[in-house]
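Chemist: Please read through the structure below; I'll follow up with questions.
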Amino acid sequence: MTTSRPVEPPPSRWRLPAPETADVDGVVGIGGDLEPGTLLAAYRMGLFPMPAGRREVAWFSPDPRAIIPLDGLRVSRSLHRSERRFEVRWNERFSEVMARCADPHRPGGWINRNFITAYTRLHRMGWAHSVECLDDAGQLVGGLYGVRIGGLFAGESMFHAATDASKVAMVALVRWLRGTGAQLLDVQWVTPHLASMGAVAIPRGEYLDRLHAATG
């Protein structure tokens, strides 16, 4: 995948809280907006947003923080076989990937329309990316999206409608990150799905050190 140089937006008008001020749930504050400058400032500090009610935004910095080491991705034999079943594309159906991740019928679904609008803006500016898995009929059956800032990729969400489709997207993502000099793949929290692919939890302080090295 080739990408153009991202467009730097105007700076945020908000002063975001420090990651170390997070409460036991990882929340550092509620409020602000989802403007491009605010989102990028948050990721550069080690924060990420989630909805808090219909209109508010909560900013998180969990401790510990989940990452997938770029040299520690687990790819089973069955997953290698699954790779042959899908065509992988990049950044062609970003909004559709987000919409599928936002399906309210999915357990733990959290993405709302304001988030889709905000991240689609980031995508158009060159910061947010999607990996898409298509079946033999050209149907979107899996994918993921996230934000790339220098050597950081902040993974936001993934979905699958066919076995292993989201995992195939993750394999493609990690290969791209390795090939383009990335240093850090942030996946926020460890889930069983991510743990099966090699996700590990590290202390917040270590995450912030790695973040600053990746984006500095």
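Chemist: In this structure, does ALA154 turn out to be in contact (Cβ under 8 Å) with a residue 24 or more places away in the chain, aliphatic (A, V, I, L, M) and within 20 Å of LEU47 (Cβ to Cβ)?
Modeler: yes
Chemist: With the condition kept exactly as written, say whether any residue in the stretch 150-160 is hydrophobic (A, V, I, L, M, F, W, C), crowded, with 17+ Cβ neighbours inside 10 Å and over 14 Å from the mean Cα position of the chain (by Cα).
Modeler: Looking only at the stretch 150-160, we keep the residues that are hydrophobic (A, V, I, L, M, F, W, C), and these are 152-154, 158-159.
Next, from what is left, pick out any that are crowded, with 17+ Cβ neighbours inside 10 Å: 152-154, 158-159.
Restricting the remaining residues to those that are over 14 Å from the mean Cα position of the chain (by Cα) gives none.
The answer is no, given that none of the residues of the stretch 150-160 is hydrophobic (A, V, I, L, M, F, W, C), crowded, with 17+ Cβ neighbours inside 10 Å and over 14 Å from the mean Cα position of the chain (by Cα).
Chemist: Would you be able to say whether some residue in the stretch 192-208 is of a type outside the set (Val, Ile, Thr) and under 13 Å from the mean Cα position of the chain (by Cα)?
Modeler: Yes: the stretch 192-208 contains one or more residues that are of a type outside the set (Val, Ile, Thr) and under 13 Å from the mean Cα position of the chain (by Cα).
Chemist: Looking at the stretch 1-51 only, could you name the residues that are surrounded by fewer than 15 Cβ atoms within 10 Å (Cβ to Cβ), more than 16 Å from ARG148 (Cβ to Cβ) and of a type in the set (A, V, I, L, M, F, W, C)?
Modeler: Passing the criteria: ALA18, VAL24, ILE30.
Chemist: Okay, moving on. Scan VAL131, VAL187, VAL174, VAL141 and give me the residue that is farther than 27 Å from ALA18 by Cα, in a strand (DSSP E or B) and in contact with a Leu (Cβ under 6 Å, 6 or more places away or on another chain). Give the steps one after another, and end with the answer.
Modeler: Values: VAL187 fails: farther than 27 Å from ALA18 by Cα; VAL174 fails: in a strand (DSSP E or B); VAL141 fails: in contact with a Leu (Cβ under 6 Å, 6 or more places away or on another chain).
Answer to the check: VAL131.
Chemist: Test of understanding: among VAL75, VAL28, VAL24, VAL7, which residue is in a strand (DSSP E or B) and either farther than 19 Å from TRP110 by Cα or without any contact (Cβ under 8 Å) to a residue 40 or more places away in the chain (or both)?
Modeler: None of the others qualify; the one that does is VAL28.
Chemist: Could you say whether any residue in the stretch 103-110 is exposed (fewer than 15 other Cβ atoms within 10 Å of the Cβ) and touching a Pro at 6+ places or on another chain (Cβ under 8 Å)?
Modeler: yes
Chemist: Go through the stretch 52-80 and report how many residues are at pLDDT below 95 and either of a type in the set (A, V, I, L, M) or surrounded by 15 or more Cβ atoms within 10 Å (Cβ to Cβ) (or both).
Modeler: So the count comes out to 4.
Chemist: Continuing with this model, one more query. Only one of (1) surrounded by fewer than 15 Cβ atoms within 10 Å (Cβ to Cβ); (2) closer than 19 Å to PHE48 by Cα; (3) among the basic types (Lys, Arg) is not met by ARG84, so which one is it?
Modeler: In the conditions (1) surrounded by fewer than 15 Cβ atoms within 10 Å (Cβ to Cβ); (2) closer than 19 Å to PHE48 by Cα; (3) among the basic types (Lys, Arg), ARG84 misses (2) alone.
The values are calculated or read from the model by the stated rules, or taken from the named source; none is laboratory data. Small disclaimer: the values here were computed from a predicted structure and weren't measured. Here the Cβ is made from the backbone with ideal geometry for all residues, glycine too, and neighbour counts use every protein chain on show.
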